[in-house]
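J.: The structure that follows is given in the form of structure tokens.
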Amino acid sequence: MTYAWSFGSAAGVCLVIQILSGIFLAMHYTPHIDLAFSSVERIMRDVNHGWFIRYVHANGASMFFVVVYCHICRGLYYGSYMAPRQLLWASGVVIFLLMMGTAFIGYVLPWGQMSFWGATVITNMATAIPVIGEPIVRWLWGGYTINNATLNRFFSLHFFLPFVIAGLTIIHLALLHKDGSNNPLGVDSGVDKVPFYPYFFVKDLFAFFILLFIFGGLVYYSPNTLGHPVNYIPADPIHTPAHIVPEWYFLPFYAILRSIPNKIGGVLAMLFAILILFVLPIVNTSEIRSTTFRPIFKIFLWLLIGDFIFLGWVGQKPVRDTFIFVGQVATAYYFIFFTVLVPIIGIVEKKLIRYSAVS
């Protein structure tokens, strides 16, 4: 077993940190459009160790996404989406979707400039849905504009959803123990099992201390690096920021949204960029589980990872023709990988295996 399997336990640690720090922040936060920003400032300045709790929560979200993205990449590389672990994979994608929603509404709560305008842009995307789009937006806003009702709803949901994620994580773990953990060789884990203690325990403990070391360095020495400076200005509905961008972990999907010239097309593309992970066990045609033994697939998978990182870079760039074009190319490869390359490469591999067996 490699340390790539420690990302799952590290994600669980991040979830616990987020829930605990969020509870303490909720004790001092005021979900009101006139008081939210100042309540965050009060947490930073007047609450004992409030700065620490706030920085842990803000940077903990980034660490959570780093770990989860690595966890997903590990699953893709070692074929964790293949039978009999389809339900395990699907439950992980559901958790990821809820994470995205929780992180978005949490980013709105400080009520800074980027929070307000980010909420305005993202929630307005629902209007692209025919017939029900407008009622959904009005329900989200609690009226016809983003107002105090909006902030109250977002605060309630942000407090509630992490406990839903925790419940789904328990289901995720139950499915993991039902089918057994995957392994780098891609063989059936029921043939020869490795005890959790001391092997996995020691590996996960070592990975935990590495995570803590990086996390501590970020909180103590560079707590604002991953935040947007415009969000340290109170929300102003009159003045629009020159360049509205979401948090870094949303940037690849934001780039996909911007690459489609049609509004409803962009919203659907962004949504399907996540939902397409559900169909991966269905479109897969390979009988080889681990990418270690799939040299053709390995090339295209690493290209996908590079493509995803590139989309993140494009997502934080201004809306210009050059960036829109390269974003469209990167978006095309992202969807082609899952819908075309995955099934075709599996078929090609089968033919190559039969040919080599006959030879």
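The values are calculated or read from the model by the stated rules, or taken from the named source; none is laboratory data. Remember, predicted model here, so these are calculated numbers, not experimental data. Note that we place each Cβ from the backbone using ideal geometry, even for glycine, and neighbour counts take in every protein chain shown.
J.: Could you run through the stretch 297-321 and say how many residues are modelled with pLDDT of 95 or more and more than 15 Å from F253 (Cβ to Cβ)?
T.: 9
J.: Which residue, of A242, A273, A255, A207, is out of contact with any Leu (no Cβ under 7 Å at 6 or more places or on another chain) and more than 28 Å from G12 (Cα to Cα)?
T.: From the options A242, A273, A255, A207, the qualifying one is A242.
J.: Just to be sure I understand, how many residues within the stretch 96-105 are buried (at least 21 other Cβ atoms within 10 Å of the Cβ), touching a residue at least 60 places away in the same chain (Cβ under 8 Å) and out of contact with any Pro (no Cβ under 8 Å at 6 or more places or on another chain)?
T.: 1
J.: Also, quick follow-up: Of all residues in the stretch 127-146 being small (G, A, S) and free of Cβ contacts under 8 Å to residues at least 24 places away in the same chain, which is surrounded by the fewest Cβ atoms within 10 Å (Cβ to Cβ)?
T.: Restricting to residues being small (G, A, S) and free of Cβ contacts under 8 Å to residues at least 24 places away in the same chain, the top hit is G143.
J.: Please go through the stretch 245-279 and pick out each residue that is surrounded by 19 or more Cβ atoms within 10 Å (Cβ to Cβ) and either of a type in the set (D, E, K, R) or within 17 Å of W89 (Cα to Cα) (or both).
T.: Across the stretch 245-279, the qualifying residues are E247, R258, A273, L277.
J.: Any chance you could count how many residues in the stretch 202-244 are within 18 Å of the chain's Cα centre (by Cα) and surrounded by fewer than 19 Cβ atoms within 10 Å (Cβ to Cβ)?
T.: 1
J.: When you scan the stretch 185-196, do you find a residue that is in a helix (DSSP H, G or I), touching a residue at least 24 places away in the same chain (Cβ under 8 Å) and either under 30 Å from Y55 (Cα atoms) or among the β-branched types (V, I, T) (or both), even just one?
T.: The answer is no, given that none of the residues of the stretch 185-196 is in a helix (DSSP H, G or I), touching a residue at least 24 places away in the same chain (Cβ under 8 Å) and either under 30 Å from Y55 (Cα atoms) or among the β-branched types (V, I, T) (or both).
J.: Same structure again: Which condition number does V219 fail, the rest of (1) over 30 Å from N59 (Cα atoms); (2) touching a residue at least 40 places away in the same chain (Cβ under 8 Å); (3) assigned to a helix (DSSP H, G or I) being met?
T.: Just one mismatch for V219, condition (1).
J.: Out of the stretch 271-287, which residues are assigned to a helix (DSSP H, G or I) and under 26 Å from R258 (Cβ atoms)?
T.: Listed by number, the residues that qualify are L271, F272, A273, I274, L275, L280.
J.: How do the pairs read when you match residues in the stretch 229-240 that are polar (S, T, N, Q) with residues anywhere that are surrounded by 13 or more Cβ atoms within 10 Å (Cβ to Cβ) and not in a helix (DSSP H, G or I), using Cβ under 6 Å and keeping only pairs 6 or more apart or on different chains?
T.: Once the first residue is polar (S, T, N, Q) and sits in the stretch 229-240, its partners that are surrounded by 13 or more Cβ atoms within 10 Å (Cβ to Cβ) and not in a helix (DSSP H, G or I) give N231/G112.
Here is a yes/no grid of residues against (1) buried (at least 21 other Cβ atoms within 10 Å of the Cβ); (2) among the β-branched types (V, I, T); (3) without any contact (Cβ under 8 Å) to a residue 60 or more places away in the chain:
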{"site": "S21", "(1), (2), (3)": "no, no, yes"}
{"site": "M27", "(1), (2), (3)": "no, no, yes"}
{"site": "A36", "(1), (2), (3)": "yes, no, no"}
{"site": "V47", "(1), (2), (3)": "no, yes, yes"}
{"site": "G50", "(1), (2), (3)": "no, no, yes"}
{"site": "M63", "(1), (2), (3)": "yes, no, no"}
{"site": "Y69", "(1), (2), (3)": "no, no, no"}
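J.: Let me ask something additional. When you check G186 against the structure, is it at positive phi and out of contact with any helix residue (DSSP H, G or I) (no Cβ under 6 Å at 6 or more places or on another chain), yes or no?
T.: Yes; evaluated as a whole, the condition is true for this residue.
J.: Follow-up. Mind telling me which of the residues T285, T322, T339, T292 ends up being under 23 Å from the mean Cα position of the chain (by Cα) and surrounded by fewer than 17 Cβ atoms within 10 Å (Cβ to Cβ)?
T.: None of the others qualify; the one that does is T339.
J.: Exactly one condition in (1) assigned by TED's automatic domain parsing to the domain that holds V67; (2) of a type in the set (F, W, Y); (3) closer than 19 Å to M82 by Cα is false for Y232; which is it?
T.: Evaluating Y232 over (1) assigned by TED's automatic domain parsing to the domain that holds V67; (2) of a type in the set (F, W, Y); (3) closer than 19 Å to M82 by Cα leaves (3) as the failure.
J.: Related question: Can you report the number of residues in the stretch 235-279 which are basic (K, R) and assigned by TED's automatic domain parsing to the domain that holds L98?
T.: 0
J.: Of the conditions (1) surrounded by fewer than 21 Cβ atoms within 10 Å (Cβ to Cβ); (2) modelled with pLDDT under 95; (3) part of a helix (DSSP H, G or I); (4) not acidic (D, E), S115 clears all except one; give me its number.
T.: (1)
J.: How many of the residues in the stretch 1-54 are small (G, A, S) and closer than 21 Å to S115 by Cα?
T.: 7
J.: Does the stretch 8-45 hold any residues that are over 26 Å from the mean Cα position of the chain (by Cα), part of a loop (DSSP other than H, G, I, E, B) and within 19 Å of I233 (Cα to Cα), and which are they?
T.: T30, H32, I33, D34, L35
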